[in-house]
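Read the structure below first, then the notes.
The values are calculated or read from the model by the stated rules, or taken from the named source; none is laboratory data. No experiment lies behind these values; they were computed from the predicted model shown. Here the Cβ positions follow ideal geometry from the backbone for every residue, glycine too, while neighbour counts run over all protein chains shown.
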Amino acid sequence: MFKGSIVALITPFKGGKVDEEAYRQLINFQIENGTAAIVPCGTTGESATLSVEEHNRVISIAIEAVNKRVPVIAGTGGNSTNEAIELTRHAKDAGADATLQVTPYYNKPSQEGLFQHYKVIAQAVALPQVLYNVPGRTSINMLPETVARLADLPEIVAIKEASGNISQMTEIVQLAGDKIALLSGDDNLILPVLSIGGAGVISVVANIVPKETAAIIKSWEDGNTVQARDLFIKLFPLCKAMFFETNPVPVKTSLALMGKIEEGLRLPLVPMAESNLEKLKKVLTEYRLI
């Protein structure tokens, strides 16, 4: 159902508030450059520091600005199942095409707890659901067997896999590849994930180079595997640069340096250390982005 280069869109701030105009411009920039779908309010969108009102507003803006040109996969996850349901209901009512549901963080549920969490959300809100496994942030890893169980639910259509474990991702394809789309949750693994049957990526780096990220997926889909490899290797240093510090600090800093947003983060995130900032500027200059 979902494939290609999908952007985990940042949330720009201005004067401490969501910069709605800049957000709309970013969405147009993405769609004009081949991005296949928009994800508002993911990790990269600083969902953890948005109030419920802001969260809902950002999703509504995204849906309005996209205007059905590409799908909107609204980030509506939470460590409380009831809260996730409430956010997902709003997203559906606003016109989202799907929901991105991160594994509950901090409370560390069992595999059965994960299954029940996603099942209850699916039963409560009839909206296509993309699972999101990112153990580095949540301290819980959703195992392939759990993904395979969830793939039997008609609402579960894809998984954003950010475990960094290719063996685990291969097992997901083996167990449920005919029922669920595998999307890379790590730009550093775009090509390896495609090689095992992945359908695309939910990308951080696409925030700044949407055309180049989309070209990797398109080349692979067209059977131009050598070209896809070359494009991926060319982009690889930039992918790594997006994690010189905690995401989304480097990517928002990059967009500010490119003149697309005002520099703005919310505590506890702070501006980059000077040494890392200089490293980032060097990479961006090499890519002729600044």
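Tabulated values for the structure
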| item | result |
| --- | --- |
| Index of the failed condition, Asn28 passing every other in (1) within 21 Å of Leu183 (Cβ to Cβ); (2) among the polar types (S, T, N, Q); (3) surrounded by fewer than 19 Cβ atoms within 10 Å (Cβ to Cβ) | (1) |
| Residue match in region 128-143 (condition: small (Gly, Ala, Ser), at pLDDT 95 or above and either in contact with an Asp or Glu (Cβ under 7 Å, 6 or more places away or on another chain) or under 29 Å from Glu54 (Cα atoms) (or both)) | no |
| Region 257-283, subset basic (Lys, Arg) and at pLDDT 95 or above, residue surrounded by the fewest Cβ atoms within 10 Å (Cβ to Cβ) | Lys282 |
| Number of positions in region 58-73 that are of a type in the set (Lys, Arg) and under 21 Å from Ala126 (Cα atoms) | 1 |
| Thr81 vs. criteria more than 27 Å from Lys14 (Cβ to Cβ), buried (at least 17 other Cβ atoms within 10 Å of the Cβ) and within 16 Å of the chain's Cα centre (by Cα) | no |
| Subset of region 245-263 [of a type outside the set (A, V, I, L, M), part of a loop (DSSP other than H, G, I, E, B) and at negative phi] | Glu245, Thr246, Asn247, Pro248, Lys260, Glu262, Glu263 |
| Residues that are among the small types (Gly, Ala, Ser), buried (at least 17 other Cβ atoms within 10 Å of the Cβ) and either in contact with a Lys or Arg (Cβ under 6 Å, 6 or more places away or on another chain) or part of a loop (DSSP other than H, G, I, E, B) (or both), drawn from region 39-78 | Gly42, Gly45, Ala65, Gly77, Gly78 |
| Odd one out for Glu245, checked against (1) acidic (Asp, Glu); (2) within 30 Å of Val18 (Cα to Cα); (3) surrounded by fewer than 15 Cβ atoms within 10 Å (Cβ to Cβ) | (3) |
| Cβ pairs under 9 Å, 6+ apart, first in region 248-264 and free of Cβ contacts under 8 Å to residues at least 24 places away in the same chain, second crowded, with 23+ Cβ neighbours inside 10 Å and charged (D, E, K, R) | Glu263/Lys252 |
| Verdict on Ser219 being more than 21 Å from Val72 (Cα to Cα), among the polar types (S, T, N, Q), touching a helix residue (DSSP H, G or I) at 6+ places or on another chain (Cβ under 9 Å) and modelled with pLDDT of 95 or more | yes |
| Val157, sole failed condition from (1) surrounded by fewer than 21 Cβ atoms within 10 Å (Cβ to Cβ); (2) in a helix (DSSP H, G or I); (3) in contact with a strand residue (DSSP E or B) (Cβ under 8 Å, 6 or more places away or on another chain) | (2) |
| Pair list, Cβ < 7 Å and 6+ apart or interchain, from region 125-150 residues that are among the β-branched types (Val, Ile, Thr) and in a loop (DSSP other than H, G, I, E, B) to residues that are surrounded by 21 or more Cβ atoms within 10 Å (Cβ to Cβ) and modelled with pLDDT of 95 or more | Val125/Thr88; Val134/Val102; Val134/Ala162; Val134/Gly185; Ile140/Thr103 |
| Qualifying residue in region 98-107 (condition: under 27 Å from Ile140 (Cβ atoms), in a helix (DSSP H, G or I) and at pLDDT 95 or above) | no |
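Residue-by-condition table, conditions (1) among the hydrophobic types (A, V, I, L, M, F, W, C); (2) touching a residue at least 40 places away in the same chain (Cβ under 8 Å):
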residue	(1), (2)
Glu46	no, yes
Thr49	no, yes
Glu53	no, no
Arg57	no, no
Asn67	no, no
Val72	yes, no
Gly78	no, no
Glu86	no, no
Ala91	yes, no
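Here is a yes/no grid of residues against (1) more than 26 Å from Thr138 (Cβ to Cβ); (2) surrounded by fewer than 16 Cβ atoms within 10 Å (Cβ to Cβ); (3) touching a Ser or Thr at 6+ places or on another chain (Cβ under 6 Å); (4) at pLDDT 95 or above:
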| site | (1), (2), (3), (4) |
| --- | --- |
| Val193 | no, no, yes, yes |
| Ala215 | yes, no, no, yes |
| Asn224 | yes, yes, no, yes |
| Lys234 | yes, yes, no, yes |
| Pro237 | yes, yes, no, yes |
| Ala241 | no, no, no, yes |
| Pro250 | no, no, no, yes |
| Leu255 | no, no, no, yes |
| Thr285 | yes, yes, no, yes |
